[in-house]
Structures are given as structure tokens and as C-alpha cells.
Amino acid sequence: MHDRMAILEDITKLYRIGGTEVCALDAVNLEVRQGDYIALIGPSGSGKSTLLNILGGVESPTTGRVTVDGERIERMSERQLLDVRRRKVAYIFQEARLLPSLTALENVMLPGAFSGARQAELRRRAQELLHRVGLGARMNHLMHQLSGGEAQRVCIARALVNRPRLVLADEPTGSLDHATRLQIVELLEALNREGQTVVMVTHDPELAARARRTVEIRNGRLEAA
Amino acid sequence: MKIYRVALREVARRRIRTLYTASGITVAVALLVATLTVGGAAHHDLQQTIARYGHSLTIFPATTHETSLQGFGIGSGHYIPQDLIPEIKRVYDAAIRAGWQQKGGLLLAEGAPGGLDIIEDPIIAPRLYEPAQVLDRDVIVAGVEASEEYKARFWWEIDDGALPAAADEFMAGKVLADVARLRPGQRLVINGHEVKLTGILRETDSPDDYMLFGALPTVQRIFDRPNKISLINIRAMCNYCPVGEAELWLNQQVVGVRATSQREIAQAQHRIFANVASVIGGFVAVSLAIACMAVFNMMMGTIHGRIREVGLLKVLGASRWQLLRLFMYEGIGIGLVGGALGAGLGIVIAQLIGPWLLPTAIIQVRLSHVGLALAAAVLTSVLATLYPAIHAGRIKPAQAFRAL
């Protein structure tokens with residue numbers, strides 16, 4: 001276990017769109033410490049989601065180094081990155097993305113099933129997490145039987161099922177009403193207080209203000225850290 | 001949470017899409033099951049025909065040109081001397097043994113394993129046919145040797161009354177009995193001789209249904225045909241007896257008779273049916289190939305439409321192999337649905353058209369046919385799903401992420 005959970009060093013990300021080269025990230029340096037709760041803010045198209053994806057090993061930087069929990073990941077093979085994603089990183093999306101044919105409990109169990117966890121242990125862990133996010137009574141409900149806030153809480157439980165070292169949340173409250181948004185943020189804050197490292201992309205200044213650190217990105221560059 | 005359960009839940013959730021995707025397989029499998037069921041019934045029916053007539057020879061007087069079972073040479077004035085039967089049996093036995101050895105069969109001394117006694121004696125059933133007026137109707141009276149006749153025509157059953165036991169007792173075919181309103185116990189006069197009707201034969205779908213049967217000596221006496229018979233039916237008692245060889249030898253060596261075998265006719269019918277079945281089988285194969293392409297198109301479209309879901313699964317840690325399995329399980333599910341519906345539809349089609357095509361055959365559904373159809377359906381679906389599933393596994397996480 002490393003105190004420096006994730007380190008981005010001189011990260012540049014270039015995209016080629018048609019004949020034009022677009023710089024999404026330009027010499028970005030960022031350190032995420034164990035137990036951090038970082039809000040990534042910035043206008044649309046500033047590079048927030050690209051930064052999150054590079055942290056999660058979903059995209060590779062054009063140049064620079066990425067270290068997650070002590071492992072250099074920027075040149076890893078797909079198989080190695082899959083392993084990192086399974087063991088160390090979890091995502092929470094703007095919209096609750098659940099498989100509609102599965103119950104809340106089964107959705108929470110899914111990452112564990114992919115990573116080969118033992119069924120009984122996995123089920124117990126998923127049940128605990130659903131109780132933890134206040135959905136102990138809704139475990140066997142399908143997605144269409146849950147409200148938006150409940151579905152997002154299922155996604156949070158799902159993100160935690162493999163005990164990730166780093167939770168990456170991409171505008172997790174973007175599609176929720178104010179009251180539900182607060183519930184979700186309070187849940188993330190509670191998880192952070194228990195030691196969970198969280199990096200959250202948000203447009204909401206109110207939510208950003210509640211984070212321990214705020215990092216602003218403009219035109220692919222970090223403005224403040 | 002097992003991956004196959006995720007796949008089957010998805011198949012169940014998207015019922016309409018599943019049914020639509022599986023519809024091509026359903027049609028192809030229905031054709032396959034109907035063909036196998038009706039074809040199987042036809043094959044069985046032909047085997048029964050061969051069993052009835054195939055392993056037998058019919059021997060007519062050589063001077064009679066009429067050799068069909070319908071004509072019998074009745075009224076032709078041509079007969080076979082009854083005392084020629086031992087000679088016919090001697091030639092028949094020799095021909096069967098020679099043919100058996102030609103086919104590579106080992107024949108040792110009687111009593112030894114593989115000895116001569118593995119070839120059972122044939123059943124030799126002579127008949128004398130005579131036309132007569134009975135109850136003001138034109139009737140064919142057949143004189144038979146009861147014990148041999150009942151063995152040769154093992155499918156005979158009594159519909160009413162009992163088998164004739166005494167010399168003056170007769171039995172009537174079903175159609176004759178119905179038309180002439182004959183009843184067991186009734187007295188009949190045949191060519192001036194009074195006889196007793198003891199039984200009615202169950203319908204056989206053969207000329208026997210129109211005849212009156214009595215003991216051969218009695219009929220010979222009634223019609224004053226001592227030592228005369230119209231034909232001899234020889235039934236071989238081994239499955240692979242070289243009856244064709246016996247036919248050849250009898251025609252060459254026994255003067256005054258002509259032997260004919262029904263086996264070749266039945267086998268020719270069998271070959272024709274096999275050819276027709278092959279053509280239908282070809283159509284089924286083409287249908288399955290078309291169904292395969294349809295499922296392929298549907299699955300490719302589905303995967304493109306579900307790229308967000310593929311992306312989500314990748315993010316949640318699904319490997320290429322797990323995604324491949326997930327979509328392959330869906331393919332198996334679609335194949336099973338299509339196969340089960342197709343099997344049901346095929347059985348219904350077979351039950352509807354089978355009796356129309358083959359009125360005498362029993363249309364029986366075999367579990368092995370249903371199993372084969374399900375296997376063909378699943379194989380078709382799996383083949384069609386393979387490439388789309390591989391394609392889903394190859395989608396890059398970043399590409400899938402951009403779709404989220």
C-alpha cells in the first residue's frame with residue numbers, strides 16, 4: 001500500500017481528429033494521496049474526463065508517466081491494465097449504468113464475478129455494501145424499480161465491491177435533483193472519511209467546495225492544485 | 001453471479017428481439033424435424049413392407065403371364081403340381097446356402113456354432129385360388145395350409161370369431177364380410193358344398209380382404225383340383241437371406257414355375273425415398289445457413305447497439321474471454337429458444353402432413369430427432385454468434401468509454 005495513491009507526471013494527451021491534432025492534456029502533473037477527496041473542476045472539453053480515464057488506465061497518455069498504487073501503468077498491456085482496473089480502480093458514472101436484467105444485488109456482484117471472487121463471499125460483501133448505502137430492503141429490485149438516486153447508490157456499492165484503492169467518479173450527481181445529489185455526496189464523503197480515496201469530476205461548485213482538494217483544469221492544463 | 005446467468009437473463013429480458021432473431025432458426029429446425037419425423041415414418045413403413053414382402057418369393061406357374069399379387073392367375077387354367085413343392089424347397093435351400101457362402105457367411109456342420117442350423121427353414125405356404133359364386137356374389141376362394149399360412153402372414157389377426165379348425169370351416173376377409181354381411185357361425189354354400197364360416201379376418205389392406213379362406217385339401221376337393229395349387233409363397237426366415245439368389249436358381253432349375261421377389265421393388269422405393277429425403281435435407285441445410293446469416297446480422301447489430309453495455313462490462317472488469325462467453329451464452333440461449341420452438345412447430349407440421357403423405361404409416365416423434373434439431377439450432381446460433389462475440393471482446397475500453 002502506498003501513501004501516494006496515484007501520480008501523474010508530465011502527462012500530455014494528443015488526439016488526432018481529422019487532420020487536426022488536439023491537445024487534451026498538456027504537461028499535467030498531479031499527485032493523489034491515500035485518503036484524498038479531490039474535486040476536478042473545469043469547463044466542458046477542458047480534459048477532466050481524459051485525466052480521469054488516464055488515472056483509471058482506460059486511456060494511455062501520449063507522453064508522461066502514470067503510477068497507480070506503486071505500479072507504472074502507462075505502457076501496460078491490455079491484460080495488465082484489466083488486472084489493475086479489477087484490483088485497484090473503480091468508476092462511478094454520471095448516469096447510473098446498471099444491467100437492467102439483473103437485480104441490484106446481482107449488479108453489485110458483477111465486478112466480483114468478473115474478477116473471479118468466490119460466490120458466497122461475494123454475495124455477502126454485496127449485501128453488506130447495499131446495506132451500507134441504505135438499500136438493504138431493495139436488493140432484489142430491478143433497475144426500473146429503483147429511483148435515480150437509488151440506482152446511483154447501487155453503482156457506488158458496485159464500485160466498492162472489489163475493494164478498490166481508488167474510486168473515480170465522473171460527475172456522479174450530474175443527473176440527480178438537489179436533495180438526491182446531497183445524499184450521494186454525503187455517501188462519498190462518508191466513504192472518504194473511512195479512508196477511501198476518491199477523485200470526482202464535477203461542474204457543481206457547491207459539491208467541489210465540499211471536497212478536501214479542488215483541482216481546476218482549463219484547456220488541458222492544471223490551473224491550481 | 002455466473003456469466004451464463006447474466007446472458008440468459010438478457011435473452012429472457014429481450015423476448016421480442018430473441019424471438020425475432022430465433023425465427024429463422026425456428027423455421028429451419030421445423031423443416032428439419034418435420035422431414036426427420038415424416039422421413040423416419042416412411043422409412044419404417046418401407047421396412048415393414050420389406051419385412052412383409054421383401055424376404056419372400058412368390059412362385060407362379062411358368063405358363064401364367066400374370067405375376068402380380070392382384071391377378072393370381074385366376075381363371076387362367078394354369079397350376080403348379082403340389083408334388084413339386086419338395087423339389088422347390090430343395091433348390092431354394094441349396095441356393096440360399098450357396099448365396100450365403102458367396103456373401104462370405106461361414107457355414108459349418110449342423111449343430112456347430114455358425115453351423116447350418118443358423119439358417120432356419122423357410123415357410124412354404126401354397127395357395128389355390130378359385131372363383132366362385134357365394135350368396136350371389138363373385139368371390140375368390142383361397143385354399144391354404146393353415147399352419148404355414150398363419151406363420152407366413154404373421155400380421156393376420158382375427159377381427160371376429162375364430163380361426164378355422166375343421167376341414168369344412170372357412171374364414172372371410174374383412175371387406176367381403178362387410179359387403180356380404182357375413183357373420184361367424186353362418187353356413188355358406190361354395191360350389192355346391194356347404195361349409196361353416198368361423199371367423200372374420202381383420203383388414204389387411206391387401207387382396208386377402210376380399211377372399212374366403214379354407215383348408216387347401218378342402219378347396220381342392222370342392223373345385224376338383226387334386227394336387228393343384230395356384231402359387232406358392234416362400235418366406236425366408238433370416239434377415240440377410242440371399243432371396244435374389246434363390247429366385248435365380250428356381251427360375252433356372254425348376255421347370256414349370258416362375259419365381260418373383262418383391263424385395264427389389266421395395267428397395268427401389270426405398271432408394272427413391274432416400275433421394276427425395278436428400279433433396280429435402282439440402283433445403284434444410286440451406287435454411288439453416290440462411291438462419292445462421294440472419295442470426296449473425298442480428299447479433300452484429302445488437303452488439304453495435306449495446307456498445308455502451310459492452311463498455312460498462314469492460315469497465316467493470318470483463319475480459320475479452322468473459323465478453324466472448326457472455327455473447328456466446330446469449331447465442332446458445334437464442335439457439336435453444338429457436339430450436340425448441342422449431343421442434344414444436346416441426347412436430348405439428350409432421351402430424352398434419354404425415355398422415356396425408358403416408359396414410360398407412362405411423363407418424364411417431366422420436367426424442368433423438370428433437371435432440372438432433374436442438375443441437376443443429378444451437379450449433380447454427382453459436383456459429384453465427386462467434387464473430388460478433390469476438391468483435392465485442394475486441395472493443396477497446398477507451399472506445400467503449402467514449403460511448404458511455
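Rg over Rh for region A:54-136 works out to 1.04, both radii taken from alpha-carbon positions and Rh defined as the Kirkwood radius. Note on B:Ser278 and B:Ile290: their simple-model spin labels are 2.3 nm apart, each label 7 Å out from Cα toward Cβ. When the solvent-accessible area of region A:4-224 is split by element, carbon and sulfur atoms take up 45 percent of it, the probe being 1.4 Å.
Buried accessible surface for the B/A chain pair comes to about 2500 Å², total over both chains, computed with a 1.4 Å probe. May I ask for the angle, rounded to the nearest 10°, between helix B:85-102 and the longest principal axis of chain B, with both axes built from Cα atoms and the value confined to 0 to 90°? Taking Cα atoms only, the helix is inclined about 30 degrees.
If you take the beta carbon distance between B:Gln399 and A:Arg163 as r and set R0 to 25 Å, what does 1/(1 + (r/R0)^6) give as a FRET efficiency, to the nearest 0.05? The calculated FRET efficiency here is 0.35. Compared with the direct C-alpha span, the chain from A:Arg193 to A:Glu121 gains 23.4 nm at full extension, assuming 0.36 nm per residue.
Once the partner protein chains are put back, region B:1-39 shows a loss of at least 30 square angstrom of accessible area, versus the chain by itself, at B:Met1, B:Val6, B:Arg9, B:Arg13 (probe 1.4 Å, ligands and nucleic acids excluded). Please give the FRET efficiency for B:Asp121 paired with B:His43, using the beta carbon to beta carbon distance and R0 = 22 Å, rounded to the nearest 0.05. E(calc), rounded to 0.05, equals 0.15. The protein assembly as shown gives an Rg/Rh value of 1.34, both radii derived from C-alpha positions and Rh following Kirkwood. Amide H contacts of A:Tyr91: A:Leu168, each under 5 Å away and 5 or more positions distant or on a separate chain (H built 1.01 Å from N in the peptide plane; Pro and chain starts excluded).
Helix content alone sets the calculated 222 nm mean residue ellipticity of chain B: runs of n ≥ 4 DSSP H residues at -39500 (n - 2.57) each, divided across all residues, give -18500 deg cm²/dmol.
With a sphere of radius 9 Å drawn around the Cβ of A:Gly148, what net charge do the other residues whose Cβ falls strictly inside it have (Lys, Arg +1; Asp, Glu -1)?
Around A:Gly148, the charge tally is -3.
The gain in end-to-end length when the A:Thr63 to A:Glu206 segment is fully stretched comes to 48.1 nm, 0.36 nm per residue minus the alpha carbon separation. Please give the residues of region B:272-296, grouped as numeric ranges, whose backbone N is less than 13 Å from a label point set 7 Å along the Cα-to-Cβ vector of B:Leu357. Answer for this model: B:273-284.
Only one residue of A:Met143, A:Leu166, A:Leu122 has its Cα farthest out toward the positive end of the dipole of region A:104-225, where Lys and Arg carry +1 and Asp and Glu -1 on Cβ, and that residue is A:Leu122. Need one number: the % of Cα-Cα pairs in chain A sitting beyond the 22 Å mark. Counting every Cα pair in chain A, those more than 22 Å apart make up 51 percent.
Multiplying the residue separation of B:Arg187 and B:Trp321 by 0.36 nm and removing their Cα-Cα distance gives an extension gain of 39.6 nm.
Axis of helix B:3-13 versus longest Cα principal axis of chain B: the two differ by about 80°, to the nearest ten degrees. The H on the amide N of A:Met5, modeled in the peptide plane, is under 5 Å from the matching H of A:Val32, A:Arg33, A:Gln34, each at least 5 residues off or on a different chain. To the nearest ten degrees, helix B:263-305 and the longest principal axis of the Cα atoms of chain B are 10 degrees apart. Only lysine pairs 8 or more places apart or on separate chains count here, and in the protein assembly as shown those with Cα atoms under 19 Å apart total 8.
Per residue, chain B exposes 48 Å² of accessible surface when a 1.4 Å probe is rolled over the protein heavy atoms with every protein chain present. Spin-label model, A:Asn219 to B:Ala375: label points 7 Å out along the Cα-to-beta-carbon direction sit 6.9 nm apart. Report the local net charge at B:Lys151: Lys and Arg +1, Asp and Glu -1, summed over other residues whose C-beta lies under 12 Å from its C-beta. Net charge in that neighbourhood comes out at -3. Phi angles across region B:131-141 convert, under the Karplus curve 6.51 cos²θ - 1.76 cosθ + 1.60 with θ = phi - 60°, into 3J(HN,Hα) values of x, 8, 9, 10, 6, 6, 10, 6, 10, 9, 9 Hz, Gly and Pro given as x.
The values are calculated or read from the model by the stated rules, or taken from the named source; none is laboratory data. Because the structure is a prediction, the values reported are computed rather than measured. Glycine also receives a Cβ, built like all others from the backbone with ideal geometry; neighbour counts cover every protein chain displayed. Quick note on the areas: whole protein, heavy atoms, side chains included, nothing else; ligands and nucleic acids left out. Shrake-Rupley method; radii C 1.70, N 1.55, O 1.52, S 1.80 Å.
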